[in-house]
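Notes for the one structure printed next.
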Amino acid sequence: MSAESRSAGAADLVLTGGRIFTADPARSWAAALAVRDGRIVAVGGDREVRALIGPRTRVIELRGRTVTPGFQDAHAHPIHAGLTRGRCELHGAEDLDRYLALITEYASAHPDAEWILGGGWSMADFPGGLARREDLDRVIPDRPVFLPNRDVHDAWVNSRALEVAGITADTPDPTHGRIARDTDGTPVGTLHEGAMELVSRLIPVAGPDEMRRALLDAQRHLHSLGITAWQDAWVTQPDHEAYRDLARRGELTARVVGALWWDRSRGLEQIEDLVEQRATGRVGRYAATSVKLMVDGVIEHQTAAMLQPYLDADGRVTEDAGIVFIDEEMLRAAVVSLDALGFQPHFHALGDRAVRIALDAVEAARREDGWSDTRPQLVHLQVVHPDDLPRFRRLGAIANLQTYWATHEAQMDELTLPLLGPEVSARQYPMRSLRRHGAILAMGSDWAVSTPNPLLQIEVAVTRVSVEGRDREPFMPEEAIELTDALAAFTAGSAYANHLDQTGTLAVGKLADIAILDRDLFDPGAGPIGDARVVGTFVEGESVHEAADLGG
Ligand SMILES: [Zn+2]
């Protein structure tokens with residue numbers, strides 16, 4: 001529509017009669033909102049906003065439904081998730097028979113695939129978290145199979161994959177990983193962390209067409225959940241190309257920040273390459289301005305770096321306190337340099353020791369470079385030592401929460417709690433404590449590790465109860481946060497983490513990135529938060545997802 005075809009000053013889009021959560025600093029509410037040329041031109045009462053309705057204005061009657069700023073997922077893996085969705089998708093299966101049935105089904109539907117790829121199995125579904133090659137061999141004896149689990153910290157492989165990679169009982173464990181073995185040294189069929197690379201490096205990379213399809217599928221899915229922007233937390237060179245390609249074609253409707261991968265096998269010399277990638281990486285709504293530093297692993301495999309050792313099966317203290325993937329001194333030097341160059345450091349910091357050394361690195365950067373606007377963020381934060389809670393505010397470090405994991409479920413109760421013991425267990429996912437200590441909260445799903453649906457994650461943030469068992473006991477309910485705080489974290493907080501300051505709140509002058517829900521989220525009679533649906537998603541005032549009942 002050209003400017004002339006509208007009445008002067010009329011809005012392109014008006015939302016009216018709703019409960020509009022603006023996420024502004026006052027967390028103010030409004031009833032109506034108007035958009036013109038992609039920006040919000042009015043937020044307020046129905047009467048004043050309706051005055052902007054012209055003959056060509058689209059008017060959506062909200063009828064009491066909630067509107068929020070578009071959700072921003074500050075830590076996700078959409079390309080990986082999109083590729084998995086198009087391959088052998090195992091999310092949702094619950095026992096070995098079901099997994100094998102899905103794998104068999106996929107393999108027979110894809111007789112020409114040289115490799116069987118995909119993933120999404122859950123450690124909790126296998127004894128001791130270990131998936132075995134013999135089970136895969138029974139259904140796929142001839143083609144190599146490589147299936148990462150949900151966390152992508154393990155892969156399940158068959159004998160053919162081990163053979164292709166030359167992995168035998170004599171193969172030593174690589175520096176950053178472990179080959180799970182039987183007592184005689186024979187590989188079991190599960191590869192932990194860096195050991196996955198022994199096989200994954202042989203897998204043909206997805207071609208540009210498959211990458212584009214995966215990304216478009218992921219984007220469609222995320223838009224349907226009200227997500228208008230995300231940070232891709234692990235961008236490899238082919239991923240970087242895929243985003244640039246999509247942005248160049250004008251098909252990238254979401255805003256995306258790419259976190260370039262810090263290669264832990266290299267040193268500071270890689271910074272030059274990162275600078276180069278960033279320089280080529282600003283296309284349309286895509287920018288590669290963050291660097292992902294994988295400081296440690298996960299508790300279930302004792303690869304999370306802890307301040308105190310893990311317990312063994314009998315509850316005795318071991319000598320194992322986990323692994324630091326990037327040595328402390330290197331981490332500090334890297335972060336000081338990256339910060340000076342204006343990169344955002346994005347740390348995977350899961351155990352309390354990883355959290356501490358990540359904060360130490362940020363502190364070093366603040367000391368050497370002065371206060372900067374790089375907005376360092378720490379993700380996962382499963383265990384945080386109480387002494388480190390106030391440091392987030394002091395250092396301006398963002399706490400990027402994966403709230404969905406803070407519940408009693410099999411992985412927590414059977415695999416995690418016994419390894420940590422009661423005292424350390426009680427320091428898990430300290431969301432409210434971080435908030436109380438003044439930390440900036442952002443949220444991310446870590447999709448495809450777990451659901452990308454923000455409303456499910458927000459429900460857990462508020463209840464600390466698994467959505468798969470809403471009658472279960474809450475997990476440390478004293479660490480639950482308020483609904484307004486959770487919504488603000490998933491919108492304004494994540495927008496801050498993404499350096500997308502023109503978005504994240506619904507205020508005059510801001511870009512019109514908006515999510516419309518199917519109900520009043522704050523109505524106690526409206527049912528569980530996670531049952532709410534997104535009926536409309538807009539990016540810069542353009543519709544990118546609509547359900548039939550949106551109206552207007
Ligand atoms: Zn992740």
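The values are calculated or read from the model by the stated rules, or taken from the named source; none is laboratory data. Every value quoted in this text rests on a predicted model; they were computed, and no experiment measured them. We place every Cβ from the backbone using ideal geometry, glycine too, and count neighbours over all the protein chains shown. Accessible surface areas use protein heavy atoms only, side chains included; no ligands, DNA or RNA. Shrake-Rupley method; radii C 1.70, N 1.55, O 1.52, S 1.80 Å.
Observations, loosely collected:
- Computed from point charges on the beta carbon alone (+1 for Lys and Arg, -1 for Asp and Glu), the dipole magnitude for segment 239-377 about its Cα centre is near 780 Debye.
- With every protein chain in place, segment 294-351: carbon and sulfur % of accessible area (1.4 Å): 48
- Segment 1-120 - percent of accessible surface contributed by carbon and sulfur, probe 1.4 Å: 48
- Residue (of 449, 99, 335) at the positive-pole extreme of the chain, dipole from beta-carbon charges: 335
- Within the chain, longest stretch clear of exposed chymotrypsin sites (Phe, Trp or Tyr not before Pro) (DSSP loop, no more than 14 other Cβ within 10 Å): 1-370
- Placing +1 on the Cβ of every Lys and Arg and -1 on the Cβ of every Asp and Glu, with no other charges, gives the chain a dipole of roughly 2240 debye about its Cα centre.
- Projecting label points 7 angstrom from Cα along Cα→Cβ for residue 526 and residue 220 puts them 2.8 nm apart.
- Computed from the Cβ-Cβ distance with R0 of 25 Å, the FRET efficiency linking residue 181 to residue 312 stands at 0.90.
- Placing unit charges on the Cβ atoms of the charged side chains and taking the dipole of the chain about its Cα centre, the candidate lying farthest along the positive direction among 390, 194, 361 is 390.
- Of the GluC sites (Glu not before Pro) found in segment 80-171, those that fall in a DSSP loop while having at most 13 other beta-carbon atoms within 10 Å are 94, 114.
- Cα gyration tensor, segment 203-288 - rounded (a/c under 1.5), prolate or oblate: prolate
- Nearest-20 debye value, segment 406-485 charge dipole, Cβ charges on Lys, Arg, Asp, Glu: 280
- Three-way shape label, segment 411-516, alpha-carbon gyration tensor, a/c 1.5: prolate
- Relative contact order for the chain, counting Cα pairs under 8 Å that sit 6 or more residues apart, in percent: 17
- Based on the Stokes-Einstein relation at 25 °C and a viscosity of 0.890 mPa s, and on the Kirkwood radius from alpha carbon pairs, segment 264-381 is assigned a translational diffusion coefficient of 162 µm²/s.
- HN-Hα J in Hz across segment 266-271 - Karplus 6.51, -1.76, 1.60, θ = phi - 60°, x for Gly and Pro: 10, x, 5, 4, 6, 4
- Taking every protein chain into account, the accessible area of segment 101-256 amounts to 41 square angstrom per residue (probe 1.4 Å).
- The angle between the Cα long axis of helix 237-248 and the longest principal axis of the Cα atoms of the chain comes to about 20 degrees, rounded to the nearest 10.
- Here the Karplus curve 6.51 cos²θ - 1.76 cosθ + 1.60, taken at θ = phi - 60°, turns the phi angles of segment 20-28 into couplings of 9, 8, 7, 6, 6, x, 8, 6, 6 Hz, with x standing for Gly and Pro.
- Average accessible surface area per residue within segment 395-552, 1.4 Å rolling probe, Å²: 34
- Looking at segment 258-383, the accessible area is 37 square angstrom per residue; that uses a 1.4 Å probe and ignores ligands, DNA and RNA.
- Projecting the Cα atoms of 149, 258, 509 onto the charge dipole of the chain, computed from C-beta unit charges around the Cα centre, puts 509 farthest toward the positive end.
- Whole-number Å³ per residue for the convex hull built on Cα positions in the chain: 155
- When only alpha carbons are used to place a centre, segment 222-294 and segment 128-156 end up 29 Å from one another.
- The distance linking segment 323-400 with segment 495-524 is 27 Å (Cα centroid to Cα centroid, whole angstrom).
- On the beta carbon distance between residue 368 and residue 237, with R0 = 22 Å, the FRET formula returns roughly 0.15.
- In this structure, residue 268 and residue 410 have a Cβ-Cβ separation that, at R0 = 41 Å, corresponds to a calculated FRET efficiency of about 0.50.
- Segments 164-173, 350-359 sorted - mean Cβ within 10 Å per residue, highest first: 350-359, 164-173
- In terms of packing, defined here as the mean over residues of other Cβ atoms within 10 angstrom, the peptides 55-62, 73-80 line up highest first as 73-80, 55-62.
- Per-residue ellipticity at 222 nm computed for the chain from its helices equals -8000 deg cm²/dmol, with DSSP H segments shorter than 4 residues left out and the rest contributing -39,500 (n - 2.57).
- Apportionment of accessible area to carbon and sulfur, segment 437-544, percent (1.4 Å): 50
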